[in-house]
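Here the structure is laid out as structure tokens; the discussion comes afterwards.
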Amino acid sequence: MIELPDLAVGGLAVGTLSALALGGGLLRSRRQRAVQREEIAALRAHLDGVLRTFTDEVEHLAGKRVPAAARQLTHPHIAVPGPRDPQATASPLGLALERVLDQLRIELTAQRIRVDAAAQAGMRGATREIQAALYRLQDALRGLQQRYDDPELTQTLFELDHENEQSLRRAQVAAVVCGAWVGLAREESHLVDAVTGGQARLAGYHRVRVHNHLRAGTALVSHAVEPVAIIVAELLDNALRHSAPDTDVVVNLEHVHHGACVTVDDAGVGMTQDERARAQRMVAGTDPILLTDLGDPPRMGLAAIGQLTRQFDLAVDLSSPSPYGGVRAVLRVDSHLLTRIDPEEQPPAASAPRPTRRAEPEEPAAASHSYGAEPGDGAAAPVPGHQTGALPQRRRRERLAAATEPAPAAPAPRPSAPGPEEAAAALGALQSGTAAARARTHPQTDDAEHTEHTEQTEEEGGTAR
């Protein structure tokens with residue numbers, strides 16, 4: 001039999017072992033809780049760091065990156081900053097923030113296009129009204145020019161008509177930039193007439209020197225005449241504006257393998273590489289044109305060229321500097337836009353530069369024809385300070401001469417200082433061709449006026465520009 005002391009000793013041993021086991025468990029539990037507290041503290045610290053990083057990145061996005069991305073749409077040279085923490089670039093947070101910027105660009109672009117389209121529609125309507133008013137003024141001035149023979153009044157009317165022509169050109173360019181049609185449907189015309197016709201629309205036309213190296217009779221198809229005249233006018237306007245007033249702008253018309261080229265060289269300030277690249281993008285016509293991209297006030301010349309090159313399959317290159325130190329602009333007209341006009345039946349304008357290239361064997365008449373020459377005079381002398389495609393109105397000059405000269409036997413020597421008659425004649429050489437062109441090309445012109453101008457052009461050996 002087990003005695004009572006033995007039982008007591010066994011019970012005590014069991015209790016001791018149980019107490020030891022329980023104490024060990026409590027110690028392990030305390031250590032585990034301590035480890036867990038440390039892990040929780042570390043997780044909280046990490047979470048606080050992530051939250052601070054996220055907050056900093058969002059603030060950086062709102063304060064720096066979003067404004068830069070918005071400005072970059074109108075100023076491509078502006079760089080958009082990256083994340084504040086470079087390590088976040090490839091992280092999920094960095095990728096998510098970059099998607100925010102992408103969506104912002106897409107939405108801003110869509111809104112800019114929508115707003116700009118509304119602005120262009122409004123400007124198209126306004127320019128349509130302005131053009132109509134200027135055409136009416138043009139018709140009124142033309143009627144006054146045909147009615148009165150007073151030299152001083154005629155000179156004033158021609159000056160007003162030229163100013164009106166410049167205003168009409170600006171309205172036409174604005175309309176073209178906004179997506180409107182060029183506004184005129186012309187007949188087939190000599191390429192040199194289209195070039196000098198664009199020259200005649202400018203205030204500084206007397207500084208332009210045109211050298212015609214084309215074969216006689218080289219002409220444009222009807223739908224390319226007005227676009228080429230507009231493009232040449234804008235290229236010449238840029239050349240005149242950005243060169244000194246005592247320098248010339250040189251224009252060369254030459255044949256190339258696939259058509260013809262009109263090269264404009266100025267001796268101006270030139271362009272930097274970035275400016276030339278931007279100008280080349282605009283005249284290429286590949287990117288959509290927004291009014292907000294054209295500056296304040298908007299410069300629409302290159303934008304109008306871009307619209308026309310895209311619509312009429314023309315090409316303009318501004319990538320080369322001019323040998324005179326300024327800018328060289330080259331307009332290329334491909335062969336499918338060229339045709340031929342018999343220079344005997346429909347010669348170029350009398351004041352247009354005659355071709356320096358000899359006629360080919362199948363064109364013997366063109367080699368012996370002197371455009372605008374009077375019988376027995378040889379080559380016709382150009383009007384001083386004027387070499388444009390506008391058509392001289394010889395009838396008016398004869399009436400002026402009859403009113404001022406008693407004997408028509410021999411031409412009087414030109415005075416050193418031109419009087420009102422010669423000033424009116426010089427301006428007449430610029431403007432009368434414009435009137436003849438309108439009579440030939442405007443659908444709304446009545447038949448009587450059209451017949452009158454056609455007879456004049458046949459007698460005078462010229463055509464409308």
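Look at (1) surrounded by 13 or more Cβ atoms within 10 Å (Cβ to Cβ); (2) out of contact with any His (no Cβ under 8 Å at 6 or more places or on another chain); (3) of a type outside the set (Val, Ile, Thr) and you find that GLY295 fails only one, number (1). Count of segment 204-236 residues, restricted to those that are assigned to a helix (DSSP H, G or I), in contact (Cβ under 8 Å) with a residue 40 or more places away in the chain and open to solvent by 20 Å² or more (accessible area, probe 1.4 Å), is 4.
Screening VAL58, VAL35 for residues that are under 18 Å from GLU98 (Cβ atoms), open to solvent by less than 90 Å² (accessible area, probe 1.4 Å), out of contact with any Phe, Trp or Tyr (no Cβ under 7 Å at 6 or more places or on another chain) and in a helix (DSSP H, G or I) leaves exactly one candidate, VAL58. Look at (1) open to solvent by 60 Å² or more (accessible area, probe 1.4 Å); (2) without any contact (Cβ under 8 Å) to a residue 40 or more places away in the chain and you find that ILE113 fails only one, number (2).
Taking first residues from segment 156-184 that are at positive phi and partners that are among the polar types (S, T, N, Q) and part of a helix (DSSP H, G or I), the Cβ contacts under 7 Å between residues at least 6 apart in sequence or on separate chains come to GLY179/GLN120; GLY183/GLN131; GLY183/GLN172.
Of the residues in segment 273-292, not one is part of a loop (DSSP other than H, G, I, E, B), open to solvent by 60 Å² or more (accessible area, probe 1.4 Å) and under 25 Å from VAL210 (Cβ atoms). On the given criteria, is GLU163 out of contact with any Lys or Arg (no Cβ under 8 Å at 6 or more places or on another chain) and at pLDDT 90 or above? Judged against the criteria, GLU163 is a match.
Residue count for segment 84-107 satisfying the condition of being at pLDDT below 85 and either in contact with a Phe, Trp or Tyr (Cβ under 7 Å, 6 or more places away or on another chain) or under 14 Å from THR55 (Cα atoms) (or both): 5. Identify all residues within segment 64-86 that are assigned to a helix (DSSP H, G or I) and surrounded by 10 or more Cβ atoms within 10 Å (Cβ to Cβ); write none if there are none. The answer is LYS64, ARG65, VAL66, PRO67, ALA68, ALA69, ALA70, ARG71, GLN72. Can you confirm whether segment 298-320 contains a residue that is crowded, with 16+ Cβ neighbours inside 10 Å and over 21 Å from the mean Cα position of the chain (by Cα)? No, segment 298-320 has no match at all. Scanning segment 38-51 for residues that are of a type in the set (A, V, I, L, M), within 23 Å of ASP85 (Cβ to Cβ) and open to solvent by 80 Å² or more (accessible area, probe 1.4 Å) yields a total of 3.
The condition (being closer than 18 Å to VAL316 by Cα and not basic (Lys, Arg)) is satisfied by just one residue among ASN212, ASN252: ASN252.
The values are calculated or read from the model by the stated rules, or taken from the named source; none is laboratory data. In this text, all values refer to a predicted model and were calculated from it rather than measured experimentally. Here the Cβ is made from the backbone with ideal geometry for all residues, glycine too, and neighbour counts use every protein chain on show. Please note that ligands, DNA and RNA were not included when accessible areas were found on the heavy atoms of the full protein model with its side chains. Shrake-Rupley method; radii C 1.70, N 1.55, O 1.52, S 1.80 Å.
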